[in-house]
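Just so it is clear, none of the values below were taken in a lab; they were calculated from the coordinates. Since the model is a prediction, treat every value here as computed from it, not as a measurement. In this analysis, Cβ positions are derived from the backbone assuming ideal geometry, glycine residues included, and neighbour counts consider all displayed protein chains.
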Amino acid sequence: MKPDRARFAPPRSSAIATFFAGAALALCAVIRIAPPASASGAVRALGAPADSATRVSWTLSNGIRVLAQHVPEATAISISVAYPGGSDQDPADQPGLALLLAELQFTAAAGDAPSRTRAELSSLRPAGADLHVGRCFTVFTEVASAPQFPGVLHQVIARVRGTQPDAATLSGALETVALLVNNEYRGSASRGLYNEITERGSGVDDAGMARALALEGVRKLTLAQITPMLANAFRPQDAVISFTGNLAGIDLRTLLEHALEGVPKGTRRPLPPTRPSQGAVATVKWPGLARPVGGLGVLAPAVDDSTHPTFFLVALIIGAKANEVWGDPTPPLESEFQFSVVEDPDIVRFYPPLKTDRPTADMVGLAFNHTLGDADNLVASDDLIAKLRAGVGWLLGAPLTDKQLDRMRVNSTTLILYSTQMAERELRGGEPFWKLYRQRLEDAGAPDLVFWLARFRAPKYQVQLLYLPS
């Protein structure tokens, strides 16, 4: 069970996947990005010229992968550290374990840095920080201004080397995890639908949801049991480190080689698989609702399947049509469509408006099929398809757009998003995989919408979740 994002400062939008969907509809001009430099040239590429939006990657002598996106004139630098392993690897009797381990890794003492609380993080990292436990990876991010960068990087690397939790930190982490899980699954209907669709598709029933929300398994863990779990979950050899921001004049290669000196060379563990999913229908009583609301998840092909890029494009087309047909979402809903192809490529989510006269368990699927899924005459123009491809390319590793560079220069939230995405892409196959994915997306042409709509409306691929007023 995973919260979508754990938030620190500054405040962020309700679901990061909503941002992805919005980006898909943006029409942006693409700028030229300098080609990746070799490992030996990485320092020179990042140091000069300062006005070039350069992206490079290399491997340190101990095997740790590093990625860096220079954003000229940016006011800060976002540092992300990602590891394989997330919520889908939680033992059946310990839901919430990945989140608890991540919370400890982010807040426990490390090296000469003392432990820190969530309240303290707001002042320690005023430009922002982010902890994300995904289904099969975990990413930690901290943002630093130019004067803060050496000190923040020192503490980030100290955590890569290992943390030293104590009883007080464990107690605080358990309290935080309980609050996060409750907020993400029962705090708002919009966030609840987003997260619970994944659980229901993975076969979790009402009793399983109740057990997961209670967190009884992880509450029983002692510090002696947790400490080796923590060291195993976040081995230095498994780390991917990414940087996004103004890196002009910073000798990152030398800094990192020195900072990680003594870390033994090793091979990064592969990204673990997510839980298998299947079609499902569930109804949940939700206190405080004025009317029924629901979400529909459509299961995607495997992300490494050659048809996934076409599925992604069709999802974007349907998402654009949903925005046109359904209009702005009515509170408590915050979006009509969400699909994060890097973070959670296994499922796309839609939130159709519902009629309230006769609520039934399958009304979410019926509403989707009636307005979009049965639209066999749905047509996507070449112009729309081109706009959709351009809007999502930067998320898949394509050159950044002028709009995104402008936002990164002044907006630390966008820096966090991009450094996190770079690290996640590296864990999920790296540039060779995503280059092929982008090529397949480009080669998809105009997809056969009649064929794909049949899949989108097939019950075996639909996870229908309905929230009813209690």
Extent of the chain along each principal axis, from alpha carbon coordinates, in Å, largest to smallest? 64, 53, 35
What helix-only [θ] at 222 nm does the chain give? Using -39500 (n - 2.57) per DSSP H run of at least 4, over all residues, to the nearest 500, the answer is -12500 deg cm²/dmol
What is the dipole size for the chain, taken about its Cα centre, with +1 at each Lys and Arg Cβ and -1 at each Asp and Glu Cβ, in debye to the nearest 20? 360
Rg and Dmax of region 398-470 over Cα atoms: what are they, in angstrom? 18.3, 50
Applied in sequence order to region 456-470, the curve 6.51 cos²θ - 1.76 cosθ + 1.60 (Karplus, θ = phi - 60°) yields integer Hz couplings, x standing for Gly and Pro, of 4, 9, 6, x, 5, 9, 9, 10, 9, 10, 10, 9, 10, x, 7
Could you sort 286-295, 81-90 so that the peptide with the highest average Cβ count within 10 Å comes first and the rest follow in order? 81-90, 286-295
5 Å is the cut-off here: which amide hydrogens, built 1.01 Å from N in the peptide plane, fall below it relative to V281, excluding neighbours closer than 5 in sequence? Q464
Assuming a ≥ b ≥ c are the square roots of the Cα gyration tensor eigenvalues, decide whether region 175-219 counts as rounded (a/c under 1.5), prolate (otherwise, with a/b larger than b/c) or oblate. oblate
Cβ-Cβ cut-off under 14 Å around W326, Lys and Arg +1, Asp and Glu -1: the net charge is -1
In sequence order, what are the phi-derived ³J(HN,Hα) couplings for region 140-152 according to the Karplus relation 6.51 cos²θ - 1.76 cosθ + 1.60 with θ = phi - 60°, rounded to whole Hz, with x for glycine and proline? 10, 9, 9, 10, 10, 6, 4, x, 7, 3, x, x, 5
